[in-house]
Each structure stands twice: as C-alpha cells, then as structure tokens.
Amino acid sequence: MSDRFIIELDAEGELQARLGAAIRGMTRPSELMDAIGARMVANVQLRFDTKRAPDGTAWLPAAASTLAQLKKKNGGQVPGSLLERTRRMRDSLSRAAGDASVEWGFGVPYAMPHETGSRRGLPRRQLLTDDPIAGTLAAQDRQDILGEVNDFLQGLLK
C-alpha cells in the first residue's frame, strides 16, 4: 500500500499552459527577487527626491553649523541638497538578487550613520528601513513587495 497517489493531467489549452507557466516561473525565483530589489531601489530614489523617510516624515534639515561649514568650504555656496552634496551615496545604491534573497543598499560606509543617526548628533534620515535597529521595513515598502509578488504570480498565470 502506498501513502501517496498520482493524478495524471492530460489537459490541453489554457489549463496546461497556465500550469506550465507556473512551474517554469517557480524555477526562476531570481526574477521575482530582482523585481523586488528594483522596486525597493526605486523607493529609495524617491526618498532622495522627496527628502522623506520610508514612513513619509520629512527629514530634519541640515544643522546650521553644517551649512556654515559648507559655505565656508565652497565660497559661500551650499552645494547639492541634503544627503546629495556629491551624489556619491545615491550613486552607490544598488541591488543584487539570487534565487533565495535580494539585497539592496549603499556601497559607501558613511550611509549607515544617516540611516541610524549617530551619538555625535547626526539625525536619522532613513532611506532603507522604518526602524534600522529592528531591521523592519515601512508599511509602504511591505505593500510594494507584496505587490511585486502578486504581479509575478499573475504573470505566471498569463
């Protein structure tokens, strides 16, 4: 006696096509992971543009002392905008996807103090997380990831 049974599906048309698409889709999960990474990178780019944290709150402006230093250093001018004086941090934003995970983040070491704040008084200006200590994503990021998963699954059924 066997503890399993097999159903052979001898179907044609839409059912067979959809099942085939679903099976093929699940053999290439890196496509889903890359789509999630692309969405999260786009969200971070939007945060640079809007100067807002993942939860939508505005970043604190640069301190008066920081602005004074920048003016002194740059002939009375303040170059760039908040967190984009040189664009190095923004330009270092990237993603890497595999079959089981996706990573997105910055390739410069000074990005982390902006995300977490510092004991020396640098305020948090989150780009990646809602709470960097807990490592949690903002509600909108979670919703966007779920949307990417749903889009991927819908694409398998076409």
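The values are calculated or read from the model by the stated rules, or taken from the named source; none is laboratory data. Fair warning: this is a prediction, and the values are worked out from it, not measured in the lab. Virtual Cβ from ideal backbone geometry, glycine too; neighbours counted across all protein chains shown. Accessible surface areas use protein heavy atoms only, side chains included; no ligands, DNA or RNA. Shrake-Rupley method; radii C 1.70, N 1.55, O 1.52, S 1.80 Å.
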Q. Condition test on residue 145, is it in contact with a helix residue (DSSP H, G or I) (Cβ under 8 Å, 6 or more places away or on another chain) and part of a loop (DSSP other than H, G, I, E, B)?
A. no
(Q) Just to be sure before I move on: is residue 47 modelled with pLDDT of 95 or more, part of a helix (DSSP H, G or I) and under 22 Å from residue 133 (Cα atoms) in the structure I sent? (A) yes
Q) Are there any pairs with C-beta distances below 6 angstrom linking a residue in the stretch 84-100 that is at positive phi to a residue that is open to solvent by 100 Å² or more (accessible area, probe 1.4 Å) and in a loop (DSSP other than H, G, I, E, B), with the two at least 6 apart or on different chains, and if so which? A) none
Q) Residues of the stretch 117-134 being hydroxyl-bearing (Ser, Thr, Tyr) and surrounded by 15 or more Cβ atoms within 10 Å (Cβ to Cβ), which ones? A) 129
Q: Being among the aromatic types (Phe, Trp, Tyr), within 16 Å of residue 48 (Cβ to Cβ) and open to solvent by less than 80 Å² (accessible area, probe 1.4 Å) narrows it down to one of 152, 106, so name that one.
A: 106
Q) Counting only residues that are of a type in the set (A, V, I, L, M, F, W, C) and over 23 Å from residue 106 (Cα atoms), which one in the stretch 32-77 is surrounded by the fewest Cβ atoms within 10 Å (Cβ to Cβ)? A) 64
(Q) Report every pair of residues separated by at least 6 positions or lying on different chains whose Cβ atoms are under 9 Å apart, first residue within the stretch 58-72 and free of Cβ contacts under 8 Å to residues at least 12 places away in the same chain, second part of a helix (DSSP H, G or I) and open to solvent by 60 Å² or more (accessible area, probe 1.4 Å). (A) 58/50
**Q.** Search result, residues across the stretch 109-141 that are assigned to a loop (DSSP other than H, G, I, E, B), over 15 Å from the mean Cα position of the chain (by Cα) and closer than 19 Å to residue 46 by Cα
**A.** 124, 125
Q.
Which condition from (1) surrounded by 13 or more Cβ atoms within 10 Å (Cβ to Cβ); (2) in contact with a Pro (Cβ under 7 Å, 6 or more places away or on another chain) is the one that residue 99 breaks?
A. (1)
